[in-house]
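Take a look at the structure below.
The values are calculated or read from the model by the stated rules, or taken from the named source; none is laboratory data. All of these numbers come straight from a predicted model, not from anything done at the bench. Neighbour counts run over all protein chains shown; Cβ positions are idealised from the backbone, glycine included. What goes into the accessible areas is simple: the full protein's heavy atoms, side chains included, and nothing from ligands, DNA or RNA. Shrake-Rupley method; radii C 1.70, N 1.55, O 1.52, S 1.80 Å.
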Amino acid sequence: MSDVVELARKPAVLEVPATVGALGEIAAFVLRLAARARLGTGATYRIRLAVDELATNIVMHGYRGGEGRITVLGRSGPDGVRIVIEDTAPAFDPVAGRLPPAPGIPPERRRVGGLGIHLALTSVDSYTYARRDGRNISTLTVKAEGTDACPPQP
């Protein structure tokens, strides 16, 4: 299978307030896209985990309880699901903020934060971040074929 994921042409769009209460709507949106693409259980879990982690971080750390919006665009097709999450919170590249696991360090001595992002972003087949026109834009893709097992860790 090539790295190009063939997806439906017109994206589904969800725009919600950046609140904890809206996280359920985002999760339901992702699950509908995964069902349309007929993703397996593992792939569905991985895309939902990643989107949930990113959206939660936008609400909790990006807008810090202030007002804001999150736009989620999704495309699904026989090859997989692609999700784009956009917000206008301060610039934040999740890749720069993630922490790789530190197996030799006891949990109480590890830096707090970043591990959830690491787990989420390494669970998808591809992830990109861009800052354009005052917007954080995260793009995640999970392929339908061979996605039930997590990809190797970098």
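Among the numbered conditions (1) buried (at least 17 other Cβ atoms within 10 Å of the Cβ); (2) at pLDDT below 95, the only one that Ala18 does not meet is (2).
Those residues that are free of Cβ contacts under 8 Å to residues at least 24 places away in the same chain and over 22 Å from Arg69 (Cβ atoms), I need them from the range 117-143; list them, please. His118, the sole residue that qualifies.
Kindly provide the set of residues from the range 10-34 that are touching a strand residue (DSSP E or B) at 6+ places or on another chain (Cβ under 7 Å) and under 11 Å from Val51 (Cα atoms), ordered by number.
Those that are touching a strand residue (DSSP E or B) at 6+ places or on another chain (Cβ under 7 Å) and under 11 Å from Val51 (Cα atoms): Ile26, Phe29, Val30.
Of all the residues that make up the range 21-44, how many are farther than 23 Å from Arg135 by Cβ and either open to solvent by 60 Å² or more (accessible area, probe 1.4 Å) or outside any helix (DSSP H, G or I) (or both)?
At the first step, the residues of the range 21-44 found to be farther than 23 Å from Arg135 by Cβ are 24, 28, 31-32, 34-44.
Narrowing the set further to residues that are either open to solvent by 60 Å² or more (accessible area, probe 1.4 Å) or outside any helix (DSSP H, G or I) (or both) leaves 31-32, 35-41.
Qualifying residue count for the region: 9.
Pick from Leu119, Leu115, Leu99: which is in contact with a helix residue (DSSP H, G or I) (Cβ under 6 Å, 6 or more places away or on another chain), modelled with pLDDT under 95, open to solvent by 20 Å² or more (accessible area, probe 1.4 Å) and among the aliphatic types (A, V, I, L, M)?
Working: Leu119 fails: in contact with a helix residue (DSSP H, G or I) (Cβ under 6 Å, 6 or more places away or on another chain); Leu115 fails: in contact with a helix residue (DSSP H, G or I) (Cβ under 6 Å, 6 or more places away or on another chain).
That would be Leu99, the only listed residue that is in contact with a helix residue (DSSP H, G or I) (Cβ under 6 Å, 6 or more places away or on another chain), modelled with pLDDT under 95, open to solvent by 20 Å² or more (accessible area, probe 1.4 Å) and among the aliphatic types (A, V, I, L, M).
Hey, among the residues in the range 45-63 that are in contact with a strand residue (DSSP E or B) (Cβ under 8 Å, 6 or more places away or on another chain) and among the β-branched types (Val, Ile, Thr), which one's nearest to Arg135 (Cα to Cα)?
Within the range 45-63, the subset in contact with a strand residue (DSSP E or B) (Cβ under 8 Å, 6 or more places away or on another chain) is 46-47, 50-51, 54-55, 58-59, 62-63.
Those still in the list that are among the β-branched types (Val, Ile, Thr) too: 47, 51, 58-59.
Numbers: Ile47: 22, Val51: 17, Ile58: 12, Val59: 14 Å.
The selected residue is Ile58.
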